[in-house]
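Novice: Can you keep this structure in mind? I'll have questions shortly.
Derivation of every value follows stated rules applied to the coordinates shown; laboratory data play no part. All values reported here derive from a predicted model rather than from experimental measurement. Heads up, the Cβs are rebuilt from the backbone with ideal geometry, glycines too, and the neighbour counts pull from every protein chain shown.
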2 protein chains.
Amino acid sequence: MQFSTDILIIGGGPASVVVANTAKKYYPQKSITIIKDKKIGVIPCGIPYMIYSLSKPEDNIMPFDAIEKLGVDVKIDRAIKIKRDDKTVITENGDIYSYEKLVIATGSKPITLNIEGFNLKNVFPIFKDFEYLKQMVDSIKKAKNIIVLGGGFIGVEFADELSNLKDKNVYLIEIKDRLLPNSFDPEFSDLVKSKLENKGVNILLDTKVEKILGKENVERVSLSDGRVIDADVVVCGLGGVPNVELAKSCGLDMGKGKGIWVDEYMRTSDRDIFAVGDCAGKRDFFTRRDNPVMLASVATAEARIAGANLYELKVIRENKGTIGIFSTYISGLVLASVGLTETSAKEENFEVVVGNYEGIDKHPGNLPYGSKIKIKLVFSKQSGILMGGQVAGGFSAGEIINIIGMAIQKNVSITELETFQMATHPYLTPAPTKYHLVIAAQNVLEDL
Amino acid sequence: MQFSTDILIIGGGPASVVVANTAKKYYPQKSITIIKDKKIGVIPCGIPYMIYSLSKPEDNIMPFDAIEKLGVDVKIDRAIKIKRDDKTVITENGDIYSYEKLVIATGSKPITLNIEGFNLKNVFPIFKDFEYLKQMVDSIKKAKNIIVLGGGFIGVEFADELSNLKDKNVYLIEIKDRLLPNSFDPEFSDLVKSKLENKGVNILLDTKVEKILGKENVERVSLSDGRVIDADVVVCGLGGVPNVELAKSCGLDMGKGKGIWVDEYMRTSDRDIFAVGDCAGKRDFFTRRDNPVMLASVATAEARIAGANLYELKVIRENKGTIGIFSTYISGLVLASVGLTETSAKEENFEVVVGNYEGIDKHPGNLPYGSKIKIKLVFSKQSGILMGGQVAGGFSAGEIINIIGMAIQKNVSITELETFQMATHPYLTPAPTKYHLVIAAQNVLEDL
């Protein structure tokens, strides 16, 4: 069949939904169609929580009803070809969609390992498909020995959720010498490690999986240290690679990294085609180098820029590039990171100073519900500009990281943070005499 | 006796402590002396919580031991005269202190009413003196009928704490037609009112106390609507006036408001004398008019500026003036406000637009510990600059208000908020597709 739509979006993740939502606000007269290939998708950041925290996996289904109510047409199909000359997209079902503006939001594919046995049953790379993940959860519930590969955010969150299940042996295997190595400095990695170890997770650092063994199902994995351990399920949190085949095959420019090249307004080399989210190239906030951050929060920020600017550049992009900004929750311990760590800043050859804070997130500290809080800020030594922050604490850390994120995006200096006017309250924050970000900024003096 | 000190600080509140702390960091060689007239002071924002939340009133004592350990000399005495010519201060005990740099941090006095019976026993304006407040708490515990005068932050927090005590009749009396009228728009005031009413507080709006009746102790109060109600204790949360007698009598310039005139670096008209906190004049962030905000958070920000800049201007003040930035916690409901409300912006004749958000602070919303969250942002219509924000929600609201505060202090625009890169996590924030500040900014479109 032949369909005609003003705005065509390929993809079914958060970026796709946000492009549609935003475009509906800015261009209410335009018709919008989404083509997505998975019948039921999931909320990406909720995937680990399908195991234990959510009462049932169905609670993590990515909702499309709100967007359909807005009048967006949602088709389950697979785009297989973009014909830029006549501005059409051809699908697996043989349908043809003509568009005025096309948005590619094809996301990423989970990284797989080129090792023996990776194709065995019960080895699960994280595909964002509900039926697939539901089957993974079923297999996990029946398993005794569960291996999580990769000590990044996904791996850590999976290990934490798995540790809440009874009578399982949980292993978390990371190739580097600490957990969350890209987003935290060692003293924060250590906090995560202790927390998970206290919950019974077996953490193997500096360790590689060399083979996955078994007949039909996985039965054991063999490690770089020579050990062989039993395994009924292997969950792979190894990151992703941009899904760019469709864009490449229609001749769109690629960036220096692995994503589709886009300008500040998410326009590809074809001005009627936009790309957003994991499939689009990103430039680092501090260096402008390619920075393959794959996060729903980044994807949705890009989607808002694209959605508002499809027909005219209405919303001026005022940020300089992509920052990594993350948070996670490990059984009561919140860890969050934004921008550069001291480690990554030095690797990038920035000259930096740091300021630290440790305290309680209430005042007086003996009020109910208080949590310890630990903060580290990283500044450019010479220019005094904030470049990164790490927080470990209770629930409040989830928004503290966004204060730091706002400050980085606005080039805040040490002295601005020192003289920051903030709200404090006994039940909500440290005392005004000891407000975390202010004291951390002041404490840079100790590092100078 | 005659004492000689490099830095002399008059006052015993948070601003005094922070000046001493900051000066110790920036000028470690200098000797520092604090003169304070109350033997035991209290943490100002913790005062209401001495009634119920803290296990004993002693938990709210303002600690001075940490500062004494740093080598700061703390004297219990009362400064009665500043002799600027010979750079000395004379005290009630007859001692004379010579200084190089003097910091006036004399705070404020609680407002009292010029009505019959205000001097009766068990009528308590909020003096920040531990022994006095302990006596107030004792009287409250014995009382049956308790009246709180003033529906601002202090009044609301007192009413909430009192409502946790058994077998008390609690009245909250406000002269205006809603609670927290200076910091919130009506829809937020209504949330506080419902919350307190559900906890059994009797709220009387548009109501004035005309007389306080009784022989020695307060027994009844007579109201503007003609009613007379029983009262065993009256707590007065009516705000404060700057304590400026000492500064005035030595000839320092006064500002256009009620505080001591200071420049951007908290220097008074005498360059060797600084003033910080409630006693110092403040200029509004948006209009530069006098703005008598009395908050420990503002006082401590000023104290950091003064402490670092006593001998040399080392820390450049990059903010434009004082913003009101507040948060409070009413039995699980957090309310927070920064900058201008829609009401106050219009009163000041700003042309504004607003953006609203309502949602849940977790995603999916059925994860444990979720709270409803409601946000309103106020922007300049023409320039698109953020001028204020109000938040009602759970614990996360206590730091969300500081993201908005950071954004205001950095002149963030609607489009910057729309394209803000933030961290999101199922347990910590709404979904990236629905992050509160971003959606509120986008929703300005609906108001345009």
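Novice: Just to confirm the numbers: A:THR112, label point 7 angstrom along the Cα-Cβ line, distances to the other copies in nm, shortest first?
Specialist: Inter-copy label distances (nm, one decimal, shortest first): 8.2.
Novice: Determine the shielding of peptide B:365-373 by partner chains: average, over its residues, the number of Cβ atoms on other chains within 10 angstrom of each Cβ.
Specialist: Rounded to a whole number, the mean comes out at 2.
Novice: Would you kindly compute the Cα radius of gyration of the stretch B:171-225 and its largest Cα-Cα separation (Dmax), both in Å?
Specialist: 13.3, 42
Novice: Another question, if that's okay. Shortest first, in nm, what separates the label point of B:GLU245 from those of the same position in the other copies (7 Å along Cα→Cβ)?
Specialist: 8.4
Novice: Got a sec? How would A:CYS236, A:CYS45 order by Cβ neighbour count within 10 Å, fewest to most?
Specialist: Placing the least packed residue first, the sequence is A:CYS236, A:CYS45.
Novice: May I pose another question? How about the stretch A:352-398: which chymotrypsin sites (Phe, Trp or Tyr not before Pro) there are in a DSSP loop, with at most 12 other Cβ atoms within 10 Å of their Cβ?
Specialist: For chymotrypsin sites (Phe, Trp or Tyr not before Pro) across the stretch A:352-398 that sit outside H, G, I, E and B with at most 12 neighbouring Cβ atoms in 10 Å, the list reads A:TYR369.
Novice: List the extent of the Cα atoms of the stretch B:291-342 along each of their three principal axes, largest first, rounded to whole Å.
Specialist: That gives 45, 25, 17 Å along the principal axes, largest extent first.
Novice: What is the Rg over Rh value, at two decimals, for the protein assembly as shown, using alpha-carbon atoms and the Kirkwood definition of Rh?
Specialist: 1.01
Novice: Suppose you put the label 7 Å out from Cα in the Cβ direction; list, shortest first and in nm with one decimal, how far B:ASP447 is from each other copy's label.
Specialist: With the label placed 7 Å along Cα→Cβ, B:ASP447 yields 3.8 nm.
Novice: Also, I was wondering about something else. Using only alpha-carbon positions, what ratio does the radius of gyration of the stretch B:55-177 give when scaled by 2.2 N^0.38 Å?
Specialist: Computed over Cα atoms of the stretch B:55-177, the ratio equals 1.42.
Novice: A further question on this structure: Which whole-number value in Å³ per residue fits the convex hull of the alpha carbons of chain A?
Specialist: 161
Novice: Please report the net charge: other residues with Cβ closer than 10 Å to the Cβ of A:ASP272, K and R +1, D and E -1.
Specialist: Net local charge, A:ASP272 excluded: +3.
Novice: Before rounding to the nearest 500, sum -39500 (n - 2.57) across all DSSP H runs of length at least 4 in the protein assembly as shown and divide by the residue total; then give [θ] at 222 nm in deg cm²/dmol.
Specialist: -7000 deg cm²/dmol
Novice: Over the whole of B:403-412, what's the average partner chain Cβ count within 10 Å per residue? Rounded to a whole number, please.
Specialist: For peptide B:403-412, the averaged partner shielding equals 6.
Novice: If neighbour count is taken as other Cβ atoms inside 10 Å, put B:GLU116, A:GLU174 in order from fewest to most.
Specialist: Taking fewest neighbouring Cβ atoms as first place, the list is B:GLU116, A:GLU174.
Novice: What pairs from A:LYS282/B:LYS372; A:LYS314/A:LYS362; A:LYS362/B:LYS410 go past 31 Å between their alpha carbons?
Specialist: Where the Cα-Cα span goes over 31 Å, the pairs concerned are A:LYS282/B:LYS372; A:LYS314/A:LYS362.
Novice: Oh, and also: Taking the Cα-to-Cβ direction at A:LYS381 and at B:GLU358 and moving 7 Å from each Cα, how far apart do the two end points lie in nm?
Specialist: Result for the modelled spin labels: 5.4 nm.
Novice: Please list the non-local residues whose amide H lies under 5 Å from the amide H of B:MET254, H modeled 1.01 Å from N, same-chain partners needing a gap of 5 or more.
Specialist: Long-range HN contacts for B:MET254: B:TRP261.
Novice: Another question, if that's okay. Give the distance, in whole Å, between the Cα centre of the stretch B:255-314 and the Cα centre of the stretch B:1-40.
Specialist: 17
Novice: Let me ask something else about it. Let me know the volume per residue of the alpha-carbon convex hull for the stretch B:1-134, in Å³.
Specialist: Convex hull of Cα atoms, per residue: 132 Å³.
Novice: Return the average number of partner chain Cβ atoms within 10 angstrom of each residue Cβ along peptide B:16-24.
Specialist: Neighbouring Cβ atoms belonging to other protein chains average 2 per residue here.
Novice: Count the net charge of all other residues whose Cβ sits under 13 Å from the Cβ of B:THR300, scoring Lys and Arg as +1 and Asp and Glu as -1.
Specialist: Net of charged neighbours comes to -1.
Novice: Let me ask you something else. What are the semi-axes of the equivalent ellipsoid for the stretch A:1-76, taken as the square roots of 5 times the Cα gyration tensor eigenvalues, largest first, in whole Å?
Specialist: Ellipsoid half-lengths, sorted descending, are 27, 13, 9 Å.
Novice: Here is a follow-up. How big is the stretch A:123-238 by the Kirkwood estimate over distinct Cα pairs, in Å?
Specialist: So the Kirkwood estimate lands at 14.3 Å.
Novice: Right, another one. Can you report the principal axis dimensions of the stretch A:241-386 using only the alpha carbons, biggest first, rounded to whole angstrom?
Specialist: Rounded to whole Å, the extents work out to 61, 36, 30 Å.
Novice: To one decimal place, what orientation-averaged projected area in nm² is obtained for the convex hull of the Cα set of the stretch B:324-432?
Specialist: 6.7
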